[in-house]
Amino acid sequence: MRQYFGRKLLIYGLTFVVAVTVNWMIPRFMPGDPVASMLARARVSQPAAVEAMRAYYTNLFGFDQPIWQQYLNFWGALFQGDFGISIWVFPTPVADVILGAVPYTLALMIPAVLLSYWIGNRLGAFAARRKLLDNTVLPVGYILTAMPYMWLAVILAWGLGVTAGWFPVAGGYSFALQPSWSWSFLVNLLHHWTLPFLSLFLVALGGWAIGMRNMIIYELESDYSNYLAALGAPTRLIRRYAFRNAILPQITGLALQLGVLVAGALVTEIVFSYPGLGSLILKAIQNQDFFLLQGTFMFIVIGVLLANFIIDIVYVIVDPRTRAGMAGAQA
Amino acid sequence: MTTTTTLPAEERVVRREALYFAVRNTKLLIGFGIVLVLLLTGLLGPLLLGGESPNEYVAGPMLPPSGEHWFGTTTFGQDVFTQFVYGLRTTFLAGAMGGGIAAVIAMAIGFVAGYRGGLVDEILNMLTNVVLVIPTLAVLLIINAYLGIRSVGLQALFIGLTSWPWAARAIRAQTFSLRSRDFVDLARLSGVSTRRIITREIAPNMSSYLFMTFILLFGGSILIAASLDFIGLGPTEGVSLGLMLQNATQWSALQLGLWWWFVPPGAAITAVVGALYVANVGLDEVFNPKLRET
């Protein structure tokens with residue numbers, strides 16, 4: 001088990017270093033001069049102001065220092081939680097802007113991912129080898145999983161929001177309200193949360209149901225299932241054993257899907273102008289706020305690494321073979 | 001398992017058998033049928049429409065679908081059908097290039113890691129795992145924002161460079177199970193070079209698997225490209241289905257009820273990717289006798 005976690009942590013550590021290095025490298029080694037392009041975007045005409053801004057940005061990136069020093073400084077700033085100053089909401093530090101948005105993204109993603117995972121797996125396991133159900137779950141599952149996240153979000157916003165008028169289609173809460181811990185605000189929050197949650201949930205659901213269905217069919221064909229059936233064990237029992245075996249690859253699958261799920265959450269938030277990281281990224285891009293964009297990137301990477309690690313722990317709890325140091329989970 | 005070098009006759013029989021089941025597999029036929037229809041629309045549509053630019057203002061704004069404008073017009077009076085047809089072309093290009101590049105990288109790394117084993121495998125496996133954990137879209141956001149991607153080709157290149165890891169892992173596992181087979185041992189004993197063993201002995205024996213991997217990478221690239229376009233980091237030149245969705249939401253097609261603007265592009269992406277997935281299941285049934293329904 002120690003070896004298992006050691007290997008995992010090594011990979012995550014390496015990934016973090018690679019991500020930080022990429023984040024540091026891209027502005028510096030891209031064709032063109034980032035300072036010049038930032039100045040051009042600022043559209044300042046007075047020469048004195050341009051000079052001041054150039055000095056400011058050069059100093060900010062630390063371009064006057066040797067390259068290894070710049071790299072070390074970047075790491076130093078990172079560990080102090082210093083991601084720079086946002087240009088979009090000047091002069092708020094990027095870290096503060098992001099921390100304000102993270103709760104919304106998490107509140108959207110965690111329930112959507114867990115619920116779709118839970119229900120999708122149950123649904124898939126239930127539909128496998130049941131002719132009628134299988135013939136409905138499978139096509140619906142394929143359509144859902146093939147949908148671009150933002151398209152289902154747009155369709156839901158149009159159908160249930162604009163046309164039916166049941167749900168608001170923009171924002172995290174009504175602009176008429178101030179954030180507080182009152183009931184009316186929480187209900188309002190929930191009301192705005194429903195549609196983005198639903199669209200994330202539905203797209204993710206299809207993939208899990210299909211994956212589980214295929215795994216169950218595979219397990220029901222294996223020797224132990226046939227043996228149990230030959231012994232006259234009830235189908236329920238055989239299916240339960242099949243489910244417990246089939247859930248293992250699905251846990252690995254959850255780790256593999258994290259990146260896609262994050263991407264889905266980002267574009268869904270953009271559709272609903274939900275005040276999470278997705279909307280932040282859009283604002284950062286529209287306002288050429290690169291510090292904010294890079295800060296968001298670091299937060300997403302850290303979040304995905306943490307989630308991966310949690311899934312690893314769950315895997316060890318669920319699969320006793322990893323605890324005994326036997327085969328099971330591949331690194 | 002057969003090899004081309006030893007048993008050509010049997011190989012031919014296997015091929016004919018695959019074809020026999022392929023033309024009788026409804027999933028495969030429906031899947032490829034849908035993809036083909038949309039592909040032809042994307043390829044031939046722009047030619048038939050007669051070179052009119054997809055972003056040109058051709059009619060009154062916000063017209064609902066009619067005989068003249070099949071998919072209606074945008075808030076600015078652009079023809080949605082023209083955009084749709086050009087967008088399909090871009091989408092297929094992004095899928096084919098992104099998926100193709102990812103497949104080539106995945107095969108190179110998967111074959112070498114699986115066949116060589118040892119230290120090479122350790123290093124390549126570590127590389128695969130690292131790239132696997134990094135959220136693809138987040139990296140692409142940073143790259144595209146700084147580079148200011150202009151062409152579909154460049155966008156597809158970066159998608160290909162980041163989306164190969166799961167495929168490399170799967171190919172590595174398959175190669176691993178093949179490399180100790182007798183025919184591979186025989187080839188090694190007779191002094192065949194590693195490159196030749198991989199291309200002649202191992203790859204042909206998992207060609208169906210490789211093809212299915214490419215299909216999944218193709219679909220994945222289309223979805224990633226659409227997401228990037230939607231966030232506003234798509235190619236700045238031309239039209240794509242993702243860009244259409246982005247424009248539709250940006251110019252409040254939702255609030256104005258211009259459903260003909262945002263329904264077709266998303267439906268086309270869903271149709272292409274979904275049809276590819278279904279065709280993939282069909283292919284699986286064709287190549288894997290255990291899964292055939294008779």
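Run down A:266, A:189, A:254 and say which single residue is in the same structural domain as residue A:154 (by TED's automatic domain parsing), among the hydrophobic types (A, V, I, L, M, F, W, C) and surrounded by fewer than 19 Cβ atoms within 10 Å (Cβ to Cβ). Steps first, please.
Working: A:266 fails: surrounded by fewer than 19 Cβ atoms within 10 Å (Cβ to Cβ); A:254 fails: surrounded by fewer than 19 Cβ atoms within 10 Å (Cβ to Cβ).
Checking each option against the conditions leaves just A:189.
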task = Give the number of residues within the range B:53-88 that are in a loop (DSSP other than H, G, I, E, B), closer than 18 Å to residue B:41 by Cα and among the aromatic types (Phe, Trp, Tyr).
result = 2
task = Would you mind finding the one in B:88, B:161, B:132, B:141 that is surrounded by fewer than 23 Cβ atoms within 10 Å (Cβ to Cβ) and closer than 22 Å to residue B:234 by Cβ?
result = B:161
note = With criteria (1) part of a helix (DSSP H, G or I); (2) closer than 21 Å to residue A:267 by Cβ; (3) in contact with a Phe, Trp or Tyr (Cβ under 6 Å, 6 or more places away or on another chain), residue A:206 comes up short on (3)
message = Scan the range B:93-113 and tell me whether some residue there is touching an Asp or Glu at 6+ places or on another chain (Cβ under 8 Å) and either of a type in the set (Ser, Thr, Tyr) or outside any helix (DSSP H, G or I) (or both).
response = no
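With B:268, B:253, B:275, B:279 as the choices, which residue is closer than 21 Å to residue B:231 by Cβ and in contact with a Gly (Cβ under 9 Å, 6 or more places away or on another chain)?
On the way: B:253 fails: in contact with a Gly (Cβ under 9 Å, 6 or more places away or on another chain); B:275 fails: closer than 21 Å to residue B:231 by Cβ; B:279 fails: closer than 21 Å to residue B:231 by Cβ.
That would be B:268, the only listed residue that is closer than 21 Å to residue B:231 by Cβ and in contact with a Gly (Cβ under 9 Å, 6 or more places away or on another chain).
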Enumeration of residues in the range A:288-307 that are at the interface with chain B (Cβ under 7 Å from one of its Cβ atoms) and under 12 Å from the mean Cα position of the chain (by Cα) = A:297, A:300, A:301, A:304, A:305
inquiry  = Quick check on the range A:273-280. Is at least one of its residues modelled with pLDDT of 90 or more and within 7 Å of chain B (Cβ to nearest Cβ)?
reply    = no
task = Determine which single condition residue B:63 fails, assuming it passes every other condition in (1) surrounded by 17 or more Cβ atoms within 10 Å (Cβ to Cβ); (2) within 30 Å of the chain's Cα centre (by Cα).
result = (2)
query = Can you pull out the residues in the range B:237-265 that are crowded, with 24+ Cβ neighbours inside 10 Å and among the aromatic types (Phe, Trp, Tyr)?
reply = B:261, B:262
key: Selected residue (only one of A:230, A:255 is within 14 Å of chain B (Cβ to nearest Cβ) and either on the phi > 0 side of the Ramachandran plot or part of a helix (DSSP H, G or I) (or both))   = A:255
message = For residue B:236, only one of the following conditions fails: (1) closer than 24 Å to residue B:145 by Cβ; (2) facing another protein chain (nearest Cβ under 10 Å); (3) of a type in the set (Ser, Thr, Tyr); (4) in contact (Cβ under 8 Å) with a residue 60 or more places away in the chain. What is its number?
response = (2)
request  = Sort through A:310, A:285 and tell me the only one that's more than 12 Å from the chain's Cα centre (by Cα), surrounded by fewer than 23 Cβ atoms within 10 Å (Cβ to Cβ), more than 7 Å from chain B (Cβ to nearest Cβ) and farther than 15 Å from residue A:95 by Cα.
outcome  = A:310
note = Among residues of the range A:231-251 being touching a residue at least 24 places away in the same chain (Cβ under 8 Å) and polar (S, T, N, Q), the residue surrounded by the fewest Cβ atoms within 10 Å (Cβ to Cβ) is A:245
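Determine which member of the set A:169, A:154 is in a loop (DSSP other than H, G, I, E, B), facing chain B (nearest Cβ under 8 Å) and in contact (Cβ under 8 Å) with a residue 40 or more places away in the chain. Spell out the reasoning first.
Working: A:154 fails: in a loop (DSSP other than H, G, I, E, B).
Going through A:169, A:154 in turn, the sole match is A:169.
Quick check: is even one residue across the range B:171-180 within 12 Å of another protein chain (Cβ to nearest Cβ) and of a type in the set (Ser, Thr, Tyr)? Give the derivation first.
Residues of the range B:171-180 that are within 12 Å of another protein chain (Cβ to nearest Cβ), as a first pass: B:172-173, B:176.
In the following step, the residues that additionally are of a type in the set (Ser, Thr, Tyr) were identified as none.
Looking for residues that are within 12 Å of another protein chain (Cβ to nearest Cβ) and of a type in the set (Ser, Thr, Tyr), one finds none in the range B:171-180, hence no.
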Filter result (farther than 20 Å from residue B:284 by Cβ and either touching a residue at least 60 places away in the same chain (Cβ under 8 Å) or out of contact with any Asp or Glu (no Cβ under 9 Å at 6 or more places or on another chain) (or both)) within the range B:173-185 = B:176, B:179, B:180, B:181, B:182, B:183, B:185
ask   = In this structure, does residue B:139 turn out to be β-branched (Val, Ile, Thr), within 12 Å of chain A (Cβ to nearest Cβ), in a helix (DSSP H, G or I) and within 19 Å of residue B:217 (Cβ to Cβ)?
value = yes
message = So, residue B:268, is that one within 11 Å of chain A (Cβ to nearest Cβ), surrounded by 20 or more Cβ atoms within 10 Å (Cβ to Cβ) and within 26 Å of residue B:171 (Cβ to Cβ) or not?
response = no
Pick from the range B:145-157, criterion touching a residue at least 12 places away in the same chain (Cβ under 8 Å) and surrounded by fewer than 22 Cβ atoms within 10 Å (Cβ to Cβ), ranking: farthest from the other protein chains (Cβ to nearest Cβ) = B:153
key: Evaluation of residue B:203 against (1) closer than 30 Å to residue A:11 by Cβ; (2) within 14 Å of another protein chain (Cβ to nearest Cβ) (one fails), failing number   = (2)
ask   = Does residue B:4 meet the test of being farther than 16 Å from residue B:287 by Cα and at pLDDT below 75?
value = yes
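The values are calculated or read from the model by the stated rules, or taken from the named source; none is laboratory data. Given the structure is predicted, the values throughout are model-derived calculations rather than measurements. Please note: Cβ atoms are built from the backbone with ideal geometry, for glycine as well, and neighbour counts cover all protein chains shown.
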